[in-house]
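Read-outs: derived from the displayed coordinates by stated rules, not from any lab. Remember, predicted model here, so these are calculated numbers, not experimental data. So basically every Cβ, Gly included, is an ideal-geometry build from the backbone, and we count neighbours across all protein chains shown.
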Amino acid sequence: MIDKRKIILLSASKRRLELLDKSGILPIQIIPNFDERSIALENIKPIYYPKLLALGKIRTYKNFSRSVIISADTCVIFNNIVINKPSSVLEASDILFKLKGLSHKVITAIVVKIEGKIFTVSKTTKVTLRNFSCFEINKYIESGLPFDRAGGYGIQDLEFSPVIDYKGCYLNVVGLPMCALDSILSRFDISINKLDCQNDCNDEKIEEVKNEFFRCR
């Protein structure tokens, strides 16, 4: 029997913690000791990148067998190139100028370790940004928000309001599609509130991850 009270979120993200709290899970948040630079982008297809990051975090944590461990990672893919969080003002500005007025993909991979097994599911949302001005970009960068967002923006940042259209799951762009998480947890009789995820927000295929996964790049 799984101890439902001991659910651990392996992520530094405040947004993911807030979403899980609203869903009724109330997890223990632990910042994973994982170097994201250990995943070399040149060796993998961009669509696999968030899954490898989330798996890497899971595998660095030696958990109790009765715990449920949740990890997730989100990335922006534009012209088949992964765009991560900007690390400087110049990089944030370059990213936002590159993405404005155009469409890209946002992929979030969720990995759950439960009953000694590891399951993963990914979701993809197509996002189109509005054609914001140079002044708006500079003001947004001054707020500091781009440095905590893949692709340098947050769909939930209402003052900047960067997104003009999206097709797919909204919470996937925020960083944790609750519908996808529910598709794994419900298999083990753990119920959550899916929040803003709608009935037509379909899940992709759930995979049980084997040790060989890291060699399939």
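Summary table below
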quantity	calculated
Rel. contact order, % - alpha carbon contacts under 8 angstrom, at least six apart, region 72-145	31 percent
Other-chain or far-sequence residues with amide H under 5 Å of S11's (modelled H)	I30
Cα centroid separation - region 121-135 against region 31-79, whole Å	22 Å
Whole-Hz ³J(HN,Hα) from phi, Karplus 6.51 cos²θ - 1.76 cosθ + 1.60, for region 102-109, glycine and proline x	10, 9, 8, 9, 10, 10, 10, 10
Nearest 10 degrees, 0 to 90: helix 89-99 Cα axis against the chain principal axis	90 degrees
Residue-wise HN-Hα coupling along region 115-128, computed from phi with Karplus coefficients 6.51, -1.76, 1.60 (Hz; x: Gly, Pro)	6, x, 10, 10, 10, 9, 8, 10, 10, 10, 10, 8, 10, 10
Sequence ranges 20-32, 176-188, ranked by mean other-Cβ count within 10 angstrom, highest first	176-188, 20-32
Length gained when the stretch D94-D21 is fully extended (0.36 nm per residue, less Cα-Cα span)	22.8 nm
Among beta bridges that DSSP assigns inside region 7-209, antiparallel share in %, nearest 5	80 percent
Ranked by how many other beta carbons lie within 10 Å on average, peptides 146-152, 33-39 from highest	146-152, 33-39
Orientation-averaged projected area, Cα convex hull of region 7-209 (nm²)	10.9 nm²
Per-residue [θ]222 nm for the chain (sum of -39500 (n - 2.57) over DSSP H runs n ≥ 4, rounded to 500)	-7000 deg cm²/dmol
Protection proxy ranking of 77-89, 44-56 - average other beta-carbon atoms within 10 Å, highest first	44-56, 77-89
The chain, relative contact order in percent, only Cα pairs under 8 angstrom and at least six apart counted	21 percent
Residue (of S133, S67, I39) at the positive-pole extreme of the chain, dipole from beta-carbon charges	S67
Test item: Cα-centred dipole of region 7-209, Lys/Arg +1 and Asp/Glu -1 on Cβ, debye	340 debye
Most mobile listed residue (E42, E136, E207) in the chain, GNM with C-alpha springs under 10 Å	E42
Angle in degrees between helix 14-23 and the longest Cα principal axis of the chain, rounded to the nearest 10	50 degrees
